[in-house]
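For reference, the structure is listed below as structure tokens.
FYI, it's all coordinate maths here, none of it is from the lab. Quantities reported herein were computed from a predicted structural model and do not represent experimental measurements. Neighbour counts run over all protein chains shown; Cβ positions are idealised from the backbone, glycine included.
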Amino acid sequence: MIECIFTLDYEIFGNGTGALKDLVYEPAEQLRDIFKSWNERFVAFVEVVEFEKIEACGSDSGIDLVKRQIRELYAEGFEVGLHLHPQWSNAEYVNGQWVLDASEYNLCTLTRNRIVQIVERALDYMRYVVDEPAFTPLSFRAGNWLFQPTETAASVLAERGIKVDSSVFKGGVQRNHGLDYRRARRNGYYWSFSSDVNKPDPSGTWIEVPIYTQLVPFWRMATSKRMSFGNIAARTAQPVRQRINRTLDLARFRYPMKLDFCRMTPSELTGMMDKVIKEDRADPDSYRPVVAIGHTKDLTDLQTVWSFLAYLQTNGLRVSTFESAYPSMRNEVKRTAEYALGE
């Protein structure tokens with residue numbers, strides 16, 4: 001059985017540029033309208049650290065629209081997940097520009113005490129925004145997909161009630177930040193883990209549901225639609241060593257293409273799903289949660305989203321969220337663990 005989980009990284013550009021109304025509120029509002037018209041829901045991975053800073057500094061009047069929208073999404077049954085870019089935690093607003101703390105770019109490389117501080121403050125702000133003091137998100141996505149080294153950050157998040165991660169994209173490599181998800185390629189559509197997100201652990205309390213990828217020839221990444229996205233100024237401002245490393249990350253004959261409903265064309269999206277459908281027909285008893293990703297700042301082609309939802313319905317494929325899918329995954333993981341222990 002296949003279920004498609006749409007996830008939306010709800011944020012401005014990574015260097016702090018861009019207006020909330022243009023890059024967050026309006027795209028998410030349009031996507032919400034489309035999903036409600038299909039009576040479906042998506043997962044909004046809300047980058048609350050940046051929003052708290054923006055509200056505290058009063059740097060963008062659109063913050064009130066964003067907070068209201070998050071509350072409405074939560075009330076309407078859209079899943080609100082935790083998304084963290086920790087470089088915002090010590091950010092300063094200087095002469096009309098954000099100065100972020102690059103030393104805290106990867107949550108997983110910080111001390112345990114610092115991770116606790118950032119996570120607890122982020123959760124407190126989420127509860128304030130959704131107006132629910134007892135709220136705890138089920139799902140998490142690390143900023144820039146950086147969930148390595150896993151153990152300490154995973155422990156801190158799990159202790160606060162978070163159970164599902166969706167940071168991994170199989171085959172991914174980022175030399176600048178020590179990310180290497182190539183070992184995850186041997187894993188299934190989801191798996192339990194504990195101290196290493198790449199390594200399945202039947203007794204692990206976490207469940208990883210990776211962003212769905214397929215390995216494609218590198219030249220297929222250079223489509224006109226895909227190349228039109230991103231913050232060019234931020235990329236060109238990188239030090240030479242970082243740009244060289246990024247080039248090496250991409251310089252592979254086969255590259256992991258994410259199922260991205262903002263950056264892909266309808267034919268690319270359906271082509272990837274056709275392969276999943278073929279696999280499912282050969283083994284219909286297995287559960288296959290397929291995670292699609294998008295970013296509010298990239299969401300400009302709403303017709304493609306509409307077409308993709310129509311394709312899913314035509315093929316009898318359900319749209320789900322982590323909250324809806326979690327019981328099935330947890331039960332299957334439990335059965336696997338019991339089998340491994342010979343119970």
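For the chain, take the convex hull of the Cα atoms, compute a quarter of its surface area, and give me that in nm², please. Don't jump to the answer; show the numbers that get you there.
Working: hull surface 68.5 nm².
If you wrap the Cα atoms of the chain in a convex hull and average its projections, you get 17.1 nm².
What separates the Cα centres of the range 177-195 and the range 300-335 is a distance of 21 Å. Charge dipole (Cα centre; +1 on Lys/Arg Cβ, -1 on Asp/Glu Cβ; no other charges) of the chain amounts to roughly 1340 debye. The alpha-carbon atoms of the range 257-306 define a convex hull whose volume equals 81 cubic angstrom per residue.
Pairs from the list 199/334; 53/163; 36/67 with a Cα-Cα gap above 21 Å: 53/163. Counted by Cβ distance under 14 Å from residue 134, the other residues give a net charge of -1, where Lys and Arg count +1 and Asp and Glu count -1.
What is the sum of charges around residue 110, taking Lys and Arg as +1, Asp and Glu as -1, for the other residues whose C-beta is under 14 Å from the C-beta of residue 110? Local charge sum for residue 110: -1. In the chain, if the dipole is taken from +1 on Lys/Arg beta carbons and -1 on Asp/Glu beta carbons about the Cα centre, which of 66, 317, 161 is farthest to the positive end? Projecting each Cα onto the dipole axis, the largest value belongs to 317. Listed by chain and number, the lysines whose C-alpha is less than 16 Å from the C-alpha of residue 297, apart from same-chain residues fewer than 8 away, are 21, 225. Among 130, 179, 215, whose Cα projects farthest towards the positive end of the dipole of the chain, with charges put on the beta-carbon of Lys, Arg (+1) and Asp, Glu (-1)? Highest projection toward the positive end goes to 215.
Against the 2.2 N^0.38 Å scaling, with N counting residues, where does the range 81-135 land? I'd like the Cα-based Rg ratio to two decimal places.
Numbers: Rg = 12.7 Å, N = 55, 2.2 N^0.38 = 10.1 Å.
Against the empirical 2.2 N^0.38 Å value, I get 1.26 for the range 81-135.
Using Cα-Cα distances under 8 Å and only pairs 6 or more residues apart, what relative contact order does the chain have, in percent? Let's see the in-between values first.
Numbers: 583 pairs, mean separation 78.6, N = 343.
The value is 23 percent.
Take peptides 33-40, 98-105, 146-153, 120-127 and line them up by average Cβ neighbours within 10 Å, highest first, as a rough protection proxy. Working shown, then result.
Working: 33-40: 13.4, 98-105: 15.5, 146-153: 20.6, 120-127: 17.4.
By packing density, highest mean first, the sequence is 146-153, 120-127, 98-105, 33-40.
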